[in-house]
1. Report the label-to-label distance for Ala221 and Gln265 in nanometres (one decimal), using points 7 Å from each Cα along the Cα→Cβ vector.
2. Suppose R0 equals 25 Å. What FRET efficiency, 1/(1 + (r/R0)^6) with r the Cβ-Cβ distance, do Ser333 and Ala361 give to the nearest 0.05?
3. In terms of modelled amide H atoms, which long-range or inter-chain residues lie less than 5 Å from the amide H of Gly81?
4. For region 237-245, what does the Karplus curve 6.51 cos²θ - 1.76 cosθ + 1.60, with θ = phi - 60°, yield as ³J(HN,Hα) per residue in whole Hz, taken in order and with x for Gly and Pro?
5. Which entries of Lys100/Lys323; Lys309/Lys373; Lys33/Lys100 have Cα-Cα distances beyond 30 Å here?
6. Below 10 angstrom from the Cβ of Gly133, what's the summed charge of the other residues (Lys, Arg +1; Asp, Glu -1)?
7. Where does each of 327-333, 270-276, 249-255 land if you order them by average Cβ count within 10 Å, highest first?
8. Give me the one-decimal nm value for the distance between modelled label points at Arg101 and Ala346, 7 Å along each residue's Cα-to-Cβ direction.
Amino acid sequence: MANEVLKKGGEVGSEVSGETRSSDFEGMRFGVKAWRASASGVREGGSPAVPIVLVHGFAQQASTWDDTARLLADAGAECFGFELAGHGAGACSAGGDPAKRSDFFDLRFQARALLAFCRVVARDAGVAPVLVGYSMGGRVALQAACLAADDLRGGDQFGRISLRSSAAFAPCDRTGRLDVAGVGQRDTAATSAGDAVRMSAAVPFSALVLESAGLGPVDDAAREALRERNFAWAARVRDEGVSAFMDWWAGLPLFESQRNLDDDQRERLRAGRLANDTESLALSFERAGAHAMPSQGESIRALCELAAKGIPVSYLAGELDAKYCKVASTLQSESQGAISCCVVPAAGHSIHLERPEAFGAILEEVVESCTPKPAAP
């Protein structure tokens, strides 16, 4: 399937290392890495597993998924690492300069490109992929989920109103908790023929897995604080350059547990960070930072609506990552259990790097739950 989905965009490596390709969307060239499913991982009955689209974090590339993708490929799942604007193999545009096309870095633009790529994978595989986003990649995947939920609302009066704040569409009780009663219940009406067509057009993924991803600012004050922080970081990387900035970035408490990685892993992680250019990193902060996300209330409601339509949503946080364990707890509470939230033991912010086997096992379960069962003889 990889050859059908992707345009050749670089050297083609072995099945183990993955194939480097590209995907064009409205003038932007996104890098993609494909890992073929192992022949030994063919499922009983010969039915292929649902493919997986993996979206990396800030200053990383698709290769950050190598260990996880190999495990999943051995289990029979074809994987695609989608690289964000200005990251990895993708040029900023079909031949351009980041500063001249900063709109390519917009969170919504990248989310639309991700949805378009998932549709291509779904078309060629015959089944929608599982979408997995880590950190900044989770931010883009979450924005894609909000856009998909907007599309699902499409024809009715509720859907014609653009969501802008949780207050307008998620009434709160006296404790301030979002009122999502009934949202997490599977909507059996979605099984009708008309709804099935609408679902396939609006939601080109079978399941969504968010790893260590924020949910968006809780209010306007939080959004402004995030905007100021992200623009300050953009200025810092422009002033200091990539190498000095990444030395500081790697030393943040958020990444402390990465010091337990072996020397080779740490060196590959650093080399990947240093492979980025200054302006692309700065624009990623300014145009796709957490301040550009939908509000937390809107994000949670969109995820609950997808779950209600039969699209499983999972949230993963590492036990050593206090910040995102709190996010997982908030999501579990506000969604009233509609979203599956899991804290992975002995892992920090980068679960797929620190505990690839545990992370892979979770994804295998998600894939298994979404993979069509072979017809009875």
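A short reminder: the numbers here are calculations on the coordinates, not readings from a lab. In this text, all values refer to a predicted model and were calculated from it rather than measured experimentally. Here the Cβ is made from the backbone with ideal geometry for all residues, glycine too, and neighbour counts use every protein chain on show.
1. 4.0 nm
2. 0.45
3. Lys33, Ala34, Trp35, Leu54
4. Karplus values, whole Hz, x for Gly and Pro: 5, 5, 6, 8, x, 5, 4, 5, 5.
5. Values: Lys100/Lys323 35 Å; Lys309/Lys373 20 Å; Lys33/Lys100 26 Å.
Long pairs (Cα-Cα over 30 Å): Lys100/Lys323.
6. 0
7. On the way: 327-333: 17.9, 270-276: 16.0, 249-255: 14.1.
Peptide ranking by packing, descending: 327-333, 270-276, 249-255.
8. That separation, rounded to one decimal, is 4.5 nm.
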